[in-house]
Amino acid sequence: MVAASYAALAPLSDQRQDRFDYVFTERVDAWDALTMICRAARCRPFRRNGVISVVRDQLIEAPVRAF
């Protein structure tokens, strides 16, 4: 499902003109590379039950209730 979240992230990155132009010249592990890529797209990766997900900072309208 990581590919699906990346596919959903691509149009948002294009809309906000976020770019990642980098050449990996040194060896880095996958998590560090993913963190660098997500930092350029203003998002954050996290692991949940063995699945890596990507979340982006954006306004979400949530219902508010007062008791």
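The values are calculated or read from the model by the stated rules, or taken from the named source; none is laboratory data. Everything quoted here is computed from the prediction, not taken from an experiment. Because the Cβ atoms are built from the backbone with ideal geometry, glycine has one as well, and the counts that use them run over all protein chains shown. These area figures cover heavy atoms from the full protein model, side chains too; ligands, DNA and RNA do not enter into them. Shrake-Rupley method; radii C 1.70, N 1.55, O 1.52, S 1.80 Å.
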Exercise. Using a cut-off of 12 Å between beta-carbons, work out the net charge of the residues near D32 (Lys and Arg +1, Asp and Glu -1, D32 not included).
Key: 0
Self-check item: Nearest 10 degrees, 0 to 90: helix 30-40 Cα axis against the chain principal axis
Solution: 60
Quiz item: Can you give the accessible area per residue of the chain, in Å², using a 1.4 Å probe?
Solution: 89
Quiz item: Along the positive direction of the dipole of the chain (beta-carbon charges: Lys, Arg +1; Asp, Glu -1; about the Cα centre), which of V54, L34, P11 reaches farthest?
Solution: V54
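Which value results for Rg/Rh of the chain when Rg is the Cα radius of gyration and Rh the Kirkwood radius based on the inverse mean 1/r?
On the way: Rg = 14.7 Å, Rh = 13.7 Å.
When Rh is taken as the Kirkwood radius, the ratio is 1.07.
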Quiz prompt | Expected 222 nm ellipticity per residue - DSSP helices of 4 or more, -39500 (n - 2.57), all of the chain, to 500 | solution = -11500 deg cm²/dmol
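How large a share of the accessible area of the chain, in percent, is made up of carbon and sulfur atoms when the probe is 1.4 Å and the other protein chains stay in place?
On the way: 3290 of 5930 Å².
That share works out to 56 percent.
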Self-check item: C-alpha long axis of helix 2-15 to longest principal axis of the chain, angle in °
Solution: 80
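Which net charge results when you count Lys and Arg as +1 and Asp and Glu as -1 among the other residues whose beta-carbon is under 13 Å from that of S53? The partial results should precede the final answer.
On the way: positive: R44, R47, R48, R56; negative: none.
Every neighbour counted, the sum reads +4.
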